[in-house]
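One structure is given here, and the rest of the page talks about it.
The values are calculated or read from the model by the stated rules, or taken from the named source; none is laboratory data. Predicted, not measured: the structure shown is a model, and the values here were computed from it. Glycine gets a Cβ as well: all are built from the backbone with ideal geometry, and neighbour counts include every protein chain shown. Accessible surface areas use protein heavy atoms only, side chains included; no ligands, DNA or RNA. Shrake-Rupley method; radii C 1.70, N 1.55, O 1.52, S 1.80 Å.
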Amino acid sequence: MLTDTVSSSVEQTVIDTAPRGLFIDGEWRKTARTFPVFDPATGDELCTVADADAADGLTALDAACAAQPDWARTAPRERAELLMEVHRALVADSDRLGLLATLEMGKPLDEARREIAYAAEFFRWFAEEAVRIDGGYMPAPTGGSRFVVARQPVGPSLLITPWNFPMAMGARKIAPALAAGCTCVVKPAEQTPLSMLALAEVIAAVGVPAGVVNVLTTTDPAALMTPLIHDHRSRKLSFTGSTTVGKQLLEQCARTVMRTSMELGGNAPVLVFADADIEVAVDGAVEAKMRNIGQACTAANRFLVQRDVADLFAQRLADRMAALPMGRGTKPDVVVGPLIDADAVAKVQRLVDDARARGATVLTGGTAMDGPGTFYPATVLVDVPDEAELCHTEIFGPVAAIGVFDTEDEAISRANDTPYGLVSYVFTESLRRGLRVSEAMETGMVGLNQGVVSNPAAPFGGVKESGLGREGGPTGIDEFLETKYIGVRL
Ligand code: NAD
């Protein structure tokens, strides 16, 4: 096991041994062009990786299509065993893989290791689900014939993932696709390609056949993916990323009426009622806000606190946030790593400045750090009016914006006043209020007295402009299955 203080030689070895080519049809391929991957904590270049073009994309889709019939015919138990092997390999290698994620994405090492464990858990969960694909048999209401209902793999699938959970977002798609009997072409984000390439290496090493999983890295996602999305052989697009890009892809998918799963942006409200346990609420707030340095779709975006406890809650939260150690994710105890790039820091600063100009007060933080690296301190703002831009935009940074409410109805109506609907958080010690408010939240998920909802065994996903479909949980595999009805005359 690596110690928490990672030496530069260990870092270098992890980078030097990480795959950097395209993974197509079971082989690593070089490309004429490459692009750099940076460490956001230092701004230093870590390495370069292959830069795929449209022709590489079609080669990968050819491979996925060629592998599809055999993979669909592979016994579910055999598919399950391979997925379980991936689970074990990820757990065994979580120090190395966690460090790779920290280096390319910036999150603290402990958090990165937890991401690898989370990714591994998807492979275990879907190994268990692979052998439970069921169907139906029923008499027609008119008698005579019978209805046989079968569920079959949807077919070659395109999987596009963001940079903020560079391995887990891929695992959350690849594991159910493989469990269902689908092959795939995976395209990770250009900021963090190394973790997905490393996952491809693990998947190949346990014996998943060539062509079943193909991974392409590129600087031009539209040029690479548009021809694949328009290709009739692609049967499914599963996308995790911003709502803006998700909408563009939905339009593209209309052309072939392709099935889609969309895990998009969020704008999570956190409601703290006066009857909450304030320590539980502050713990939950720090978790919901600071996971991934605020760069999570599930990140708390707006805090609404009932007037009687608003000052107390804000001060406790500010004290906790101000004490969080900031630095490079490889250093011990760091909680606040860098943001992904300079644009992210500039965006957060613009949102904080806008809130201040509209009357908000800074309790802690509020000013970007000087380089090297792209750091923004944990920040708490109070008296944030609903008109502030950060109440309507995904902040994607370590900024807690607090406003005050008086009544339950007011809190619900302000919380739901957004086109997003991924997750909300509710803190109250009243069971009745907790359930009443949770039911009233227009979100796919609610954290009731807890600041983290992600769990491979639970259905993850949003409503409204936060997405379509659910990943994980008992229904996660359905995203990669088609239902076929066979009418049988006896
Ligand atoms: P993004 O939308 O910019 O990019 C996501 C992926 O789409 C990347 O791989 C990118 O290369 C690719 N892409 C961009 N344009 C494309 C195009 N025209 N054609 C094909 N692919 C294209 O998002 P991001 O900045 O990488 O990630 C942050 C966003 O992801 C946030 O909005 C966050 O809320 C969201 N997210 C959502 C979930 C969820 O489960 N709902 C989880 C994590 C992140």
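Quick rundown of the values:
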read-out	value
Hits in segment 300-317 (condition: open to solvent by 10 Å² or more (accessible area, probe 1.4 Å) and either of a type in the set (S, T, N, Q) or within 14 Å of the ligand (Cβ to nearest atom) (or both))	GLN306, GLN315
Top-ranked residue of segment 203-239 - restricted to ones that are of a type in the set (D, E, K, R) and open to solvent by 10 Å² or more (accessible area, probe 1.4 Å), ranked as nearest to the ligand (Cβ to nearest atom)	ASP220
Complete set of residues in segment 219-263 that are touching a Lys or Arg at 6+ places or on another chain (Cβ under 7 Å) and of a type in the set (S, T, N, Q)	SER238
Filter result (within 24 Å of GLU442 (Cβ to Cβ) and either open to solvent by less than 10 Å² (accessible area, probe 1.4 Å) or hydroxyl-bearing (Ser, Thr, Tyr) (or both)) within segment 240-262	THR240, SER242, THR243, THR244, GLY246, THR260, SER261, MET262
Which listed residue, of PRO139, PRO69, PRO153, is modelled with pLDDT of 95 or more and out of contact with any Phe, Trp or Tyr (no Cβ under 9 Å at 6 or more places or on another chain)	PRO69
Some residue of segment 266-286 being within 16 Å of the ligand (Cβ to nearest atom), of a type in the set (Val, Ile, Thr) and open to solvent by 30 Å² or more (accessible area, probe 1.4 Å)	no
Matching residues in segment 436-454 - criterion: being closer than 19 Å to MET167 by Cα and more than 13 Å from the ligand (Cβ to nearest atom)	VAL452
Options ALA75, ALA18, ALA63, ALA50: the member that is closer than 20 Å to GLY155 by Cα, in contact with a strand residue (DSSP E or B) (Cβ under 9 Å, 6 or more places away or on another chain) and not assigned by TED's automatic domain parsing to the domain that holds ASP333	ALA63
Residue tally, condition within 16 Å of the ligand (Cβ to nearest atom) and either touching a Cys at 6+ places or on another chain (Cβ under 6 Å) or without any contact (Cβ under 8 Å) to a residue 12 or more places away in the chain (or both), over segment 124-161	2
Subset of segment 417-435 [small (Gly, Ala, Ser) and away from the ligand (no atom under 13 Å from the Cβ)]	SER424, SER430, GLY434
GLN191 open to solvent by 40 Å² or more (accessible area, probe 1.4 Å), more than 16 Å from the ligand (Cβ to nearest atom), in contact (Cβ under 8 Å) with a residue 12 or more places away in the chain and not hydrophobic (A, V, I, L, M, F, W, C)	no
Every pair of residues 6+ apart whose Cβ atoms lie under 7 Å, when the first sits in segment 207-226 and is in the same structural domain as PHE239 (by TED's automatic domain parsing) while the second is among the aromatic types (Phe, Trp, Tyr) and more than 9 Å from the ligand (Cβ to nearest atom)	PRO209/TRP71; VAL212/TRP71; ASN214/PHE23; VAL215/PHE23; THR219/PHE35
Residue among ALA175, ALA168 that alone is modelled with pLDDT of 95 or more and more than 12 Å from the ligand (Cβ to nearest atom)	ALA175
Unique residue being under 28 Å from the mean Cα position of the chain (by Cα) and at pLDDT below 95 when the list is PRO332, PRO325	PRO332
Tally, over segment 99-131, of residues that are among the small types (Gly, Ala, Ser), crowded, with 24+ Cβ neighbours inside 10 Å and under 16 Å from the mean Cα position of the chain (by Cα)	5
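A quick yes/no check of all residues on (1) outside any loop (DSSP other than H, G, I, E, B); (2) open to solvent by 40 Å² or more (accessible area, probe 1.4 Å); (3) within 16 Å of the ligand (Cβ to nearest atom):
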residue: ASN292; (1), (2), (3): yes, no, yes
residue: ASP319; (1), (2), (3): yes, yes, no
residue: LYS331; (1), (2), (3): no, yes, no
residue: PRO338; (1), (2), (3): no, no, yes
residue: VAL348; (1), (2), (3): yes, no, yes
residue: ALA355; (1), (2), (3): yes, no, no
